[in-house]
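Only the coordinates and a few stated rules stand behind these numbers; no lab work does. Keep in mind that what you see is a predicted model, and the values were worked out from it rather than measured. Don't worry about glycine lacking a Cβ; one is built from the backbone with ideal geometry, like all the others, and counts go over all protein chains shown.
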Amino acid sequence: MLEMYKRLRGKRQREHDRTLSINIAGMELRNPTMLASGFLGISQAIFNRLYNADVGAIVSKSISSKPIEGYRNPTVVCLEGGSYLNAVGLANPGADVFSREIASNPYVPIIVSLVGSSHDDFPPMINKFDDLNILGYEINLSCPHVAKMGMEVGDDPDMVTKVVKTVKSHTLKPVVVKVGLGNVDLLDIARAANDAGANAITAINTIRAMTINIESGIPVLSNKIGGLSGKSVKPVAIRCVYEISKNVALPVIGCGGIFSWEDAVEFMLAGASAIQLGSVIGYEGFGAFQRICLGLKRYLDRKGMKNLTELVGLAHKY
Amino acid sequence: MPININILRSVFIERVQNETASVKTILFKDKVSSKAEPGQFLMVWIPGVEELPMSVMVADKEHSAAITIRRKGIGSTALFNKRIGEMLGIRGPYGNNFKIAPSARTVLLVGGGTGLVPLIRLAAKLNETRICCTLIIGASSKREVFFENTADAVLSDTKHKIIVSTENGDYGIKGNATDAMTQVLKQETFDTVYTCGPELMMKKVLDIASAYSLPIQASLERHMKCGIGICASCCIEDKLVCKDGTVFCEKQLSKMNEFGIFYRDKTGRKIVY
């Protein structure tokens, strides 16, 4: 019985593979659902489990050249209505340890997220990862709550150009740039990334936000200010994906409050070629990837579409 | 409207009880936590200082729960110094819990330090179903022994035995909790072993229980941030202690090569115990 179930599941899997498989920036994915950076992303054993839960690709936590402890708790605050506020502080084991963690990655499609405070930080990290079994890199230029890293780099088009050019000159693997809402026009940053040779854009990162406990009067996050994710950022993210994909000639990976296949479709109509999931995992765990894939497949069937690319950017014509 | 356990609730301390010179139990009113299962935990916010995962302790008051804290780091010391009337933020309870098999007649509980908290909550449940219970309390010395009377009180309706072991031998059996466990198992057998405490102790409890082919459930601790299964700070192999645990059975534990060997620090690096 179990064997039969496994065979059936395998068959179903292959079927939706054909329809949902995509190629984004030269990365072949069995489906368009990625794990967004920051979630679940430091252990190979967890990556393997995510792979068995049908994830299309995994973006690791942002890795820096040295280990970072991050902020004291509370680092994650749950808000009403499917949103989260976090200021983890880019906690990560550092490039050296993380490259050893994934050194024997068997088959899992991993995209390594890198973060640094200047372009010089990136080449030594790339040297550690470039020979490993990974798909490519995502450069975090938009963490909204750590000084001199992430958004402070991403808010400076010249820095963005320098970082992307440096990374591109040290690897042949695809380089994705993750952008967010900073003080500089998002399109200027996306254009700078494009001109410097980036292969795709992930939009968007969390948005600077805070919450205060009314009994004590004290901000809840230990860092006071953090990044907002989940359902409340979705309409903002849709707008960003729409504007970038309309104005910049790079494939876009949509990210921000995707909880259902309907959300995924909306992002693709806006111009996303792939999507990233994060906050939804807090609500339904690892099952989110499979459920969203199934919904996408049914939607394509119902609309008579053969593959996902037919869907990407359809809303642009209106 | 059902309460969303993820949203921080402000609670006010109603009672503080000294257990030892460095351990206190803090009681507060909270209907949701009062129904927590043994082994579940709360994320406890000490405003402006820290948020800590804390196992839910029994409370002898309706619609109330408690936590037991050992003064250690910045966060736990701030919590230890809290007084009646002061506010804490809590969310949860989270995680799975100790399971009691319907066929269970007699069980063994092995606890060390504040790891006794979920075991006392379990004992209260065992008491309701009149399951015979042997509890081993491990401590370094007599001064560090706590919950002996509490355990006796929560087990008052069922046949029970409380065995204390101290490492320096100034009270009860000389040795650690696992030495006491070995002694007990020479004379008696049990349907299940439940354990919570330092991981190296639990690893030994697992080894001893395996030698006697006894089923075991252990409540694990790891560095936690989110408590809801999204950050993976608490991962042990491919399991998330906050979501898949905190309680794991012998089948899961024996597959975990990291159990009793490594934990991950705040950066996610593996550190040898």
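For this structure, a couple of remarks:
- The ranking of B:F259, B:F12 by Cβ neighbour count inside 10 Å, starting from the fewest, reads B:F12, B:F259.
- Local electrostatic count, B:Q40, Cβ distance below 14 Å [Lys/Arg +1, Asp/Glu -1]: +2
- Straight-line cross-link partners of B:K125 among the aspartates and glutamates, defined as a Cα under 20 Å from its Cα and at least 8 positions apart when in the same chain: B:D30, B:E37, B:D60, B:E62, B:E148, B:D152, B:D157, B:D191.
- Split chain A at each of the GluC sites (Glu not before Pro) in a DSSP loop with at most 15 other beta carbon atoms within 10 Å, and the longest piece is A:81-214.
- Bridging of A:K306 to aspartates and glutamates at a Cα separation below 16 Å is possible for A:E15, A:D17, once same-chain residues fewer than 8 apart are set aside.
- Burial ordering of A:H119, B:H160, fewest other beta-carbon atoms within 10 Å first: A:H119, B:H160
- Sparse-neighbour loop sites [trypsin sites (Lys or Arg not before Pro); the stretch B:154-200; at most 12 other C-beta within 10 Å; DSSP]: B:K159
- Distant-in-sequence amide H partners of A:G136 (H built 1.01 Å from N, under 5 Å): A:V112
- Inter-centroid distance (Cα atoms) of the stretch A:206-243 relative to the stretch A:36-80, Å: 18 Å
- Across the stretch B:57-74, rounded Karplus estimates of 3J(HN,Hα) from the backbone phi angles (6.51 cos²θ - 1.76 cosθ + 1.60, θ = phi - 60°) give 9, 5, 10, 8, 9, 5, 6, 10, 9, 9, 10, 10, 10, 9, 5, 8, x, 4 Hz, Gly and Pro being marked x.
- Of B:M202, B:M224, B:M256, the one that fluctuates the most in a GNM where chain B has Cα springs shorter than 10 Å: B:M256
- Rounded Å value of the spacing that divides the Cα centres of the stretch A:280-302 and the stretch B:127-177: 49 Å
- When the Gaussian network model of chain A links Cα atoms closer than 10 Å, the mean-square fluctuations of A:I218, A:I238, A:I281 top out at A:I218.
- Amide hydrogen proximity for B:I173: with H placed 1.01 Å from N in the peptide plane, the residues at 5 or more positions away or on another chain lying under 5 Å are B:V164, B:S165, B:T166.
- Listed residue pairs exceeding 23 Å between alpha carbons, taken from A:K224/B:K225; A:K224/B:K24; B:K161/B:K186: A:K224/B:K24
- Partners for A:K66 among aspartates and glutamates (Cα-Cα distance below 17 Å; same-chain residues under 8 apart left out): A:D96, A:E101, A:D120, A:D121, B:D265
- Dividing the summed -39500 (n - 2.57) terms of all DSSP H runs of n ≥ 4 by the residue count of chain A sets its mean residue ellipticity at 222 nm at -10500 deg cm²/dmol.
- When the chymotrypsin sites (Phe, Trp or Tyr not before Pro) in the stretch A:94-170 are filtered for DSSP coil states and for at most 14 other beta-carbon atoms within 10 Å of their beta-carbon, the remaining sites are A:Y107.
- The residues A:S273, A:S65, when put in order of fewest to most other Cβ atoms within 10 Å, stand as A:S65, A:S273.
- Counted over the protein assembly as shown, the DSSP beta bridges are approximately 50% antiparallel.
- Between B:I120, B:I236, B:I137, the residue with the greatest mean-square fluctuation in the GNM of chain B (Cα pairs under 10 Å linked by springs) is B:I236.
- Under the combined filter of DSSP loop state and at most 14 neighbouring Cβ atoms within 10 Å, the stretch B:6-82 retains these GluC sites (Glu not before Pro): B:E62.
- Where trypsin sites (Lys or Arg not before Pro) in DSSP loops with at most 12 other Cβ within 10 Å are excluded, longest remaining stretch of chain A: A:149-305
- Pairs beyond 31 Å (Cα-Cα), from B:K204/B:K239; A:K303/B:K243; A:K61/A:K297: A:K303/B:K243
- Between the stretch A:86-134 and the stretch B:40-93, the alpha-carbon center distance in angstrom: 36 Å
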